[in-house]
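Structure, as structure tokens:
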Amino acid sequence: MSSNVYQLDEKSALKIISLLPKSDSNLPAGSKYRKKIEGHTVTIYNSNKFMVQGSASEMLAIKLLGNAGIKVAASREKKNVAGKTISYDAFNCIGSDEAGSGDFFGPMTVVASYVSKKNAEILKVLGVMDSKNLKDDKIIALAEQIIPIIPHSLLVLENPKYNERKAIGWSQVKMKAVLHNQAITNVLKKIDGAPLDYIVIDQFAVQGVYENYALTAIPEREKTRFETKGESKSIAIAASSIIARYAFVKYYDQIIRETGIHITKGAGAKVDLEAAKIIERKGIAYLDSITKKDFKNREKALGLGNKKK
């Protein structure tokens, strides 16, 4: 799914709202308009940022803005200043990433790490790279080597707390924004004045959305960048990804020990069967304590259990 964001002035934002279908009543925090239009999600924030999300987001955004007589050439947000590609590993960087957000079992883990130019070279020699290309045993070995040498902050949103936040209307994007912002703030306190050129966040939302959801101001905002596929662009993000996944794998191992049942990462059909077995052995309350209740796997697992009766 692609996203396009445009900064409007208040007059233009009000004009486009007047031309769009009536807004949904249940609005995300920091927004004043949201509606599904032509299969795309259209959101207008209190900051007057206009965002369209969907497979053809740019085309729809230009169409809607054009209908309101709004020129878009100068208003579209740019990813990096002057469109430059930044070689982050040549700089002193904090990078942040998360693990577990797409998995039914286990918590969400978020990590921010500070990697100096010198340590970037060391991490490359150790083999730090995109964690998606590494198996769990390699993740564990690498994490245990790099954890002692790079300042970092690991935050774990355990399942009961995740489910509690979901119940009061938080989206995963909001949870991630809050956790990433806090982890970065923690690392800044740890490095206390060490040279810092960039803060790089593996992009899960455009900057305007991130800022609206984070409960605190973005620290060092002028140095902050958002990068898609960030693990391949910044070794600081890659290191954070490895530590986040290491922590996530440790939680998975704990669940396997407690249940005696092999569990699968992700949210596929195997997960439904494994969850049904856990309900049979330890009950639904236990399952809810180790899973994300909003995933459809829960309902499917309950259905599988009922079929056996």
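Assorted remarks:
- All of 252, 246 fail the test of being in contact with a strand residue (DSSP E or B) (Cβ under 7 Å, 6 or more places away or on another chain) and either modelled with pLDDT of 95 or more or open to solvent by less than 10 Å² (accessible area, probe 1.4 Å) (or both), apart from 252.
- Lone qualifier among 273, 196 - being at pLDDT 95 or above, open to solvent by less than 70 Å² (accessible area, probe 1.4 Å), outside the structural domain of residue 47 (by the TED database) and not aromatic (Phe, Trp, Tyr): 196
- Annotation note: Cβ proximity below 7 Å between a residue of the stretch 44-70 that is aliphatic (A, V, I, L, M) and a residue that is open to solvent by 60 Å² or more (accessible area, probe 1.4 Å) (sequence gap 6+ or interchain) occurs for 44/32; 60/38; 68/15; 68/19.
- Candidates 161, 174, 132, filtered to the one that is outside the structural domain of residue 294 (by the TED database) and either hydrophobic (A, V, I, L, M, F, W, C) or free of Cβ contacts under 8 Å to residues at least 60 places away in the same chain (or both): 161
- The single condition among (1) closer than 18 Å to residue 131 by Cα; (2) open to solvent by 40 Å² or more (accessible area, probe 1.4 Å); (3) assigned to a loop (DSSP other than H, G, I, E, B); (4) among the hydroxyl-bearing types (Ser, Thr, Tyr) that residue 216 does not meet is (1).
- Taking the stretch 92-186 and the strands (runs of 3 or more DSSP E) fully enclosed by it, the elements with 3 or more residues that are among the aliphatic types (A, V, I, L, M), closer than 30 Å to residue 27 by Cα and under 17 Å from the mean Cα position of the chain (by Cα) are at 108-115, 152-157.
The values are calculated or read from the model by the stated rules, or taken from the named source; none is laboratory data. From a predicted model like this one, the values you see are computed outputs, not experimental measurements. No Cβ is skipped: glycine too gets one built from the backbone with ideal geometry, and neighbour counts run over all protein chains shown. Accessible surface is based on the protein model in full, side chains and every heavy atom, while ligands, DNA and RNA are left aside. Shrake-Rupley method; radii C 1.70, N 1.55, O 1.52, S 1.80 Å.
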